[in-house]
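A.B. asks: First the structure, then my questions, so here it is.
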Amino acid sequence: MEPIVQITTSEAETTCLGTRIGSCLKAGDVVLLTGDLGAGKTHFTGGIARSMGISDYITSPTFTVVNEYEGGSLPLIHFDIYRLGSYDELFEIGFEDYLERGGVCVIEWADLIPEIEEQAARIFKVDIRRMDDVSPTQREITIVLPEGERL
Ligand SMILES: Nc1ncnc2c1ncn2[C@@H]1O[C@H](COP(=O)(O)OP(=O)(O)OP(=O)(O)O)[C@@H](O)[C@H]1O
Ligand SMILES: [Mg+2]
């Protein structure tokens, strides 16, 4: 699939793009989020949550690694693997069980553990880059949808 490239110029626009991806997601899907520190991965995840009817304020589970949100149209399982060193560590916290829970898994810093891709059935890739040379609030967001999916 051809990547889709979108520019956002505010936190709200990035959240809004998250809601658009969120509305494509089905049980078992995985969203791999990559990009710079402070790029907007967590706000994008907030948009996904909103599209599922989850009203919690989403924060990065940097220290806890994983947060679960119930009460939406699907369970949302939000990972931040910044502090993990290997796939084994992710496995230890039950990653493969989470994948089978019938929810959506969103993984910040997914590129740090490439083995993740082999485990997921349907993958959405979202890469968010800061464009500080243009503006402190501009971001370039590159999205690769799974085969057959449209935005
Ligand atoms: N266009 C934009 N899109 C998203 N966030 C923006 C944008 N412009 C400014 N921001 C700000 O950038 C920050 C993004 O924070 P966020 O926690 O979502 O990033 P992150 O990629 O999850 O960070 P981390 O790498 O620490 O997990 C917020 O403070 C937000 O207000
Ligand atoms: Mg984050």
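A.B. asks: Longest exposed-loop-site-free stretch of the chain, with trypsin sites (Lys or Arg not before Pro), DSSP loop and at most 16 other Cβ within 10 Å?
C.D. replies: Here the longest run is 27-82.
A.B. asks: Also, quick follow-up: Could you please rank His78, His43, placing first whichever residue has the fewest other Cβ atoms within 10 Å of its Cβ?
C.D. replies: Fewest to most other Cβ atoms nearby, the residues stand as His43, His78.
A.B. asks: Further question on the same structure: Which order do Leu33, Leu90 fall in if you start with the one that has the fewest other Cβ atoms within 10 Å?
C.D. replies: Leu90, Leu33
A.B. asks: Could you check the simple spin-label distance between Ile7 and Tyr82, using points 7 Å along Cα→Cβ, in nm with one decimal?
C.D. replies: With each label point 7 Å from Cα toward Cβ, the separation is 2.7 nm.
A.B. asks: Charges at C-beta only: +1 for Lys and Arg, -1 for Asp and Glu. How large is the resulting dipole of the chain about its Cα centre, in Debye rounded to 20?
C.D. replies: 620
A.B. asks: Could you compute Rg(Cα) / (2.2 N^0.38 Å) for the stretch 11-123, with N its residue count?
C.D. replies: Normalised Rg, Cα atoms only: 0.96.
A.B. asks: Can you give the angle from 0 to 90° between the axis of helix 11-22 and the longest principal axis of the chain, with both taken from C-alpha atoms, to the nearest 10?
C.D. replies: 50
A.B. asks: As I understand it, the value is the acute angle between the Cα axis of helix 41-51 and the longest principal axis of the Cα atoms of the chain; what does it come to in degrees, rounded to 10?
C.D. replies: So the helix axis and the longest Cα principal axis differ by about 80 degrees.
A.B. asks: Within the chain, what percent of beta bridges assigned by DSSP are antiparallel, to the nearest 5?
C.D. replies: 50
A.B. asks: Next question, about the same structure. From a point 7 Å beyond the Cα of Leu37 in the direction of its Cβ, which residues of the stretch 123-149 have a backbone N at a distance under 16 Å?
C.D. replies: 129-132
A.B. asks: Which longest run of the chain has no exposed loop site in it, a site being chymotrypsin sites (Phe, Trp or Tyr not before Pro) in a DSSP loop with at most 12 other beta carbons within 10 Å, and the site itself not part of the run?
C.D. replies: 64-151
A.B. asks: Using DSSP to define loop residues, name the GluC sites (Glu not before Pro) in the stretch 1-90 whose beta-carbon has at most 13 other beta-carbon atoms within 10 Å.
C.D. replies: Qualifying residues, ordered by number: Glu70.
A.B. asks: If I stretch the segment between Glu92 and Asp56 completely, what's the gain in nm (0.36 nm per residue apart, minus their alpha carbon distance), one decimal?
C.D. replies: This chain segment gains 10.3 nm when fully extended.
Quick note: the coordinates plus some simple rules give every number you see, no bench work behind them. All figures in this text were calculated on a predicted structure; none of them were measured in a lab. Because the Cβ atoms are built from the backbone with ideal geometry, glycine has one as well, and the counts that use them run over all protein chains shown.
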